[in-house]
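Let me begin by presenting the structure, written as structure tokens, before commenting on it.
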Amino acid sequence: MIPLSIPHLGGNELKYVTECIETGWVSSAGSYVSQFENIVAEYANCKHGVATSSGTSGLHLAMHMLGIGQGDIVLVPNITFIASANAVAYTNATPVFIDIDPDTWQMDLDLMEEWLSTNNGVHVKAVMPVHVLGNMCDMPRLMDIASRYNLHVIEDSSEALGSYWNGKSAGSYGAMNIFSFNGNKIITTGGGGVIVTNDEAYAKRAKHLSTQSKVDPETYFHDEIGFNYRMVNILAAIGVAQMEQLPSFIQKKKEIDAYYRNQLQGVGDIKFQKVAKEVDPNCWLFTFYSSKQNEILLALKEHKVIARPFWFPMNQLPMFTQNEYYTKSDHSRDIHLNCLSIPSSVNLSEVEMQKVVEVIKSVWQ
Ligand SMILES: Cc1ncc(COP(=O)(O)O)c(C=O)c1O
């Protein structure tokens, strides 16, 4: 079996976790949490990091902290992982979905701007760009639009640790931005997230709210409704070990990306995701476009190669069908029906990549 995107635990993970177990620091206190927060924040060129139990809880916390709630609208790309839209829904705000650019598969900023100009006066509070697959949304342009319409920006950078727009890191543009460390991400803590921000007050409040708004460690006095959204030390220990390997992981992901692009170029009607010249992507998960999505998925399955179709567009999911979806040509539907992701794990061997390519090519033979 060739998996899609699995963790590579080849560094100090066992050593650091063993240390947690031997010293008893496995839970919510311990030095690895703050170490991990600092390393991730520094890597993303941000001043502060607050570790959370998941990327989803980080997104929810950021929404909550910005006071987003009932009656507010948040703009979200129509192609994303469900957590982006769910985080908005948890606050009782309404996500409005914007179609994606057919080439980069990121939120279409022309459409976003058009929607804003025709919906002047509607209570739009924030925009959540998602850096889909570690490629990046045009953040300088998005920040400009957001400032003209007075919107908060929360980047869902879950998939984009180590991606840059003109040298500026994904996750360093918005007020508070999120990385996910779920098992399939470029590095993992098993499950977890980090909120990064340059605002000390936000960082302090995020820490406070994520630990049940406890005011004093010795008494049970809580000053507002909080959440149990913190990351535990034993998982942060895995994260610290993973961060030590991140540069080599990104290097390997870029090699996988180059290999597939090179081998699949000109095969049938295959097209690749466009990466703007300003973007240095982390190449997290190789995904391509072909009208033979189904045949390819079946052929790969037969050969025990794990591949996945692209996400269902948000507007097609039962809980969001009533929400507004702004589009001209429904590129989301097209991308969903024609794109698929193929094995991209850091420990993928050349023989395995050759096999994946062979099976894909066989669909046209
Ligand atoms: C784009 C995107 N947003 C949010 C998440 C949620 O992260 P988590 O699984 O850590 O809650 C993920 C990954 O799972 C993701 O890919």
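The values are calculated or read from the model by the stated rules, or taken from the named source; none is laboratory data. In this text the structure is predicted, and so the values were computed from the model without any measurement. Don't worry about glycine lacking a Cβ; one is built from the backbone with ideal geometry, like all the others, and counts go over all protein chains shown. Accessible surface is based on the protein model in full, side chains and every heavy atom, while ligands, DNA and RNA are left aside. Shrake-Rupley method; radii C 1.70, N 1.55, O 1.52, S 1.80 Å.
Worth a mention:
- Evaluating kT/(6 pi eta Rh) at 37 °C and 0.692 mPa s, with the Kirkwood radius of the stretch 306-365 over Cα pairs in the Stokes-Einstein relation, gives 232 µm² s⁻¹.
- Simple spin-label estimate for residue 254 and residue 221 in nanometres, 7 Å along Cα-Cβ: 5.3
- Separation of alpha-carbon centers, the stretch 126-199 and the stretch 13-63, rounded to whole Å: 18
- Shape class of the chain from the alpha-carbon gyration tensor: oblate, with a/c at 1.5 or above and b/c at least as large as a/b.
- Test item: Cα-centred dipole of the stretch 246-362, Lys/Arg +1 and Asp/Glu -1 on Cβ, debye: 60
- For the stretch 265-285 versus the stretch 68-115, the inter-centroid distance based on Cα atoms is 23 Å.
- Dipole of the chain, positive direction: furthest Cα of 354, 7, 100, with charges on the beta-carbon: 354
- Placing unit charges on each Cβ (+1 for Lys and Arg, -1 for Asp and Glu) gives the chain a dipole about its Cα centre, and among 76, 310, 153 the Cα reaching farthest toward its positive end belongs to 310.
- Gaussian network model of the chain, springs between alpha carbon atoms under 10 Å - residue of 196, 50, 351 with greatest fluctuation: 351
- The stretch between residue 150 and residue 364, if pulled fully straight at 0.36 nm per residue, gains 72.0 nm over its current Cα-Cα span.
- Förster radius 41 Å - calculated FRET efficiency between residue 350 and residue 321 (Cβ-Cβ, nearest 0.05): 0.40
- Three-way shape call for the stretch 129-225 based on the alpha-carbon gyration tensor, with the a/c threshold at 1.5: oblate
- Helical mean residue ellipticity (222 nm; -39500 (n - 2.57) per DSSP H run of 4+; nearest 500) of the chain: -12000 deg cm²/dmol
- As a length-normalised measure over Cα pairs under 8 Å and 6 or more apart, the relative contact order of the stretch 246-362 settles at 33 percent.
- Heavy-atom accessible surface of the stretch 246-362: percent carbon and sulfur, 1.4 Å: 50
- A Cβ-based charge dipole, computed about the Cα centre of the chain with Lys and Arg at +1 and Asp and Glu at -1, lands at about 500 debye.
- Of all DSSP-defined beta bridges confined to the chain, some 60% are antiparallel rather than parallel.
- Using θ = phi - 60° and Karplus 6.51 cos²θ - 1.76 cosθ + 1.60, couplings along the stretch 162-177 (whole Hz; Gly, Pro as x): x, 9, 9, 10, 6, x, 9, 5, 4, x, 10, 9, x, 5, 9, 9
- Three-way shape call for the stretch 207-353 based on the alpha-carbon gyration tensor, with the a/c threshold at 1.5: oblate
- Each Cα pair under 8 Å and six or more residues apart adds its sequence gap; the mean of these over the residue count of the chain is a relative contact order of 25 percent.
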